[in-house]
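One structure below.
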Amino acid sequence: MAKKPQIFVTQQFPDAVMARVERDYDARLNDTGRVPNAEEIVSRTSGCDAIFCAPTEKFTADVIGRLPESVRLIATFSVGVDHIDLAAAKARGIAVTNTPDVLTDATADITLLLILAAARRAYEGERMVREDRWVGWDPKMLMGIEVTGKRLGILGMGRIGQAVARRASGFSMEVHYHNRKRLPKDQEQGAIYHETADGLLPHCDFLSINAPATAENYHFLNQQRIALLPDGAVVVNTARGTLVDDDALIAALKSGKIAAAGLDVFEGEPRINPGYRNLENVFLLPHLGSATIETRNAMGFKCLDNLDAFFAGRPLPDRLV
Ligand code: 8YV
């Protein structure tokens with residue numbers, strides 16, 4: 001029987017995915033119960049042909065430069081690839097694949113969950129019931145912001161942004177967007193295009209951040225840009241925490257300039273800016289965007305489809321470099 005390719009698997013992925021890993025690969029599992037650091041990534045990959053990883057592992061140019069010669073593919077369990085220096089991988093001849101499409105719906109669903117939860121004060125309401133502080137129906141209790149019919153601005157109209165736009169039309173929202181490139185009409189989902197992000201912001205009763213993290217959009221939502229939003233806007237982020245300047249958003253949530261926020265991602269996660277913890281008008285989730293059984297299995301299978309193709313000498317379905 002042919003020798004199975006050796007791969008380093010950095011996380012305990014869903015069971016159905018791990019069953020396929022163990023059947024088809026000579027898998028070296030990260031069994032430390034925590035995210036491997038740079039040293040561990042380098043030492044554990046010794047003799048491996050490929051790495052099956054997640055965005056919790058950082059593949060900087062330095063780490064990529066120190067990977068053993070034998071490593072020829074990094075398959076990441078994510079659509080986002082800001083944790084991998086693609087140029088450094090390309091320079092070393094290491095292919096990189098990701099998992100587009102399969103997590104679009106789950107992530108768009110959670111974007112709507114955050115829009116609704118933030119606008120309708122779900123955190124305060126849930127706590128009131130659970131803590132037995134609900135003394136009875138009251139016509140002015142926990143009045144939130146109506147979602148139906150409002151303007152939604154989408155920053156980043158890729159697959160997930162478009163799926164958010166489709167869902168928002170079910171709430172009769174007027175959708176606006178900014179994207180580096182304007183989309184062809186048939187992909188715009190009826191949304192109104194703004195050539196610049198700053199031009200989009202004044203139209204956002206709700207702002208949904210759906211852009212990939214890049215060096216250019218680091219702290220995109222800063223104090224100056226928050227000032228461009230209408231007073232009392234709602235902000236949601238399901239993309240990457242680095243697009244938001246947390247101190248600026250916390251100050252705006254305190255002053256009421258931003259009425260509420262819903263956040264699934266944080267700069268430096270799993271640690272979060274402690275300023276969020278005491279705010280009632282922010283709904284916080286621990287990066288659950290793609291966390292459904294169906295989607296997480298599909299993401300894992302997609303990584304394996306790429307690994308299988310690589311070792312069979314076929315073109316990689318989701319090759320980035
Ligand atoms: C992933 C994500 O589930 O795909 C991405 O880029 O942010 C998430 O949906 C998460 O990064 C774990 O792999």
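For the stretch 18-129, the share of accessible area belonging to carbon and sulfur comes to 53 percent (1.4 Å probe, ligands and nucleic acids excluded). Highest mean packing first, where packing is the average number of other Cβ atoms within 10 Å per residue, the peptides 227-237, 34-44 line up as 227-237, 34-44. All C-alpha pair distances within the stretch 1-133, sorted into 5 Å bins from zero, spread as 2, 9, 16, 18, 15, 10, 8, 7, 6, 5, 2, 1, 0, 0 percent across the bins. Which residue, chosen from C53, A27, V102, occupies the Cα position most advanced towards the positive end of the dipole of the stretch 1-106, where the dipole is computed from +1 (Lys, Arg) and -1 (Asp, Glu) charges on Cβ about the Cα centre? Value: A27.
Spread over its residues, the convex hull of the C-alpha atoms of the stretch 187-231 is 93 Å³ per residue. For the stretch 12-86, the solvent-accessible area of protein heavy atoms averages 44 Å² per residue (probe radius 1.4 Å; ligands and nucleic acids excluded). Spherically averaged projected area of the convex hull of Cα atoms, the stretch 156-260: 6.1 nm².
Using a probe of 1.4 angstrom and keeping all protein chains present, the accessible surface of the stretch 222-321 works out to 45 square angstrom per residue.
Residue order by solvent-accessible surface for D31, D205, D198 is D31, D198, D205, largest first, with ligands and nucleic acids left out and a 1.4 Å probe. Of the accessible area of the stretch 235-298, computed with a 1.4 Å probe over protein heavy atoms only, carbon and sulfur atoms account for 56 percent. Each listed q (0.24 Å⁻¹) maps to a log10 I(q)/I(0) for the stretch 209-315 from the Debye sum over equal C-alpha point scatterers, namely -1.30.
Taking amide H positions as modeled 1.01 Å from N, with prolines and chain starts lacking one, the residues under 5 Å from V282 and 5 or more places away or on another chain are A261. Heavy atoms of the protein chains alone define the surface here; on that basis the stretch 164-220 has 53 Å² accessible area per residue at 1.4 Å probe size. The Stokes-Einstein estimate for the stretch 83-134, based on a Kirkwood radius over Cα pairs and taken at 10 °C with 1.306 mPa s viscosity, is a diffusion coefficient of 107 µm²/s. Per-residue ellipticity at 222 nm from helix content only, as computed over the chain with -39500 (n - 2.57) for each DSSP H run of at least four residues, stands at -9500 deg cm²/dmol.
Largest GNM mean-square fluctuation among D245, D308, D15, using the chain with Cα springs under 10 Å: D15. Computed from the alpha carbon atoms alone, the convex hull of the stretch 95-207 holds 147 Å³ per residue.
For the chain, the Kirkwood estimate of hydrodynamic radius, built from reciprocal distances between every pair of different alpha carbons, is 21.1 Å. Among the listed pairs K58/K254; K150/K257; K3/K90, those whose Cα-Cα separation exceeds 22 Å are K58/K254; K3/K90.
The values are calculated or read from the model by the stated rules, or taken from the named source; none is laboratory data. Everything numeric in this text was worked out from a predicted model, so none of it was measured. No Cβ is skipped: glycine too gets one built from the backbone with ideal geometry, and neighbour counts run over all protein chains shown. Just so you know, the surface numbers come from the protein's heavy atoms only, side chains and all, with ligands and any DNA or RNA stripped out. Shrake-Rupley method; radii C 1.70, N 1.55, O 1.52, S 1.80 Å.
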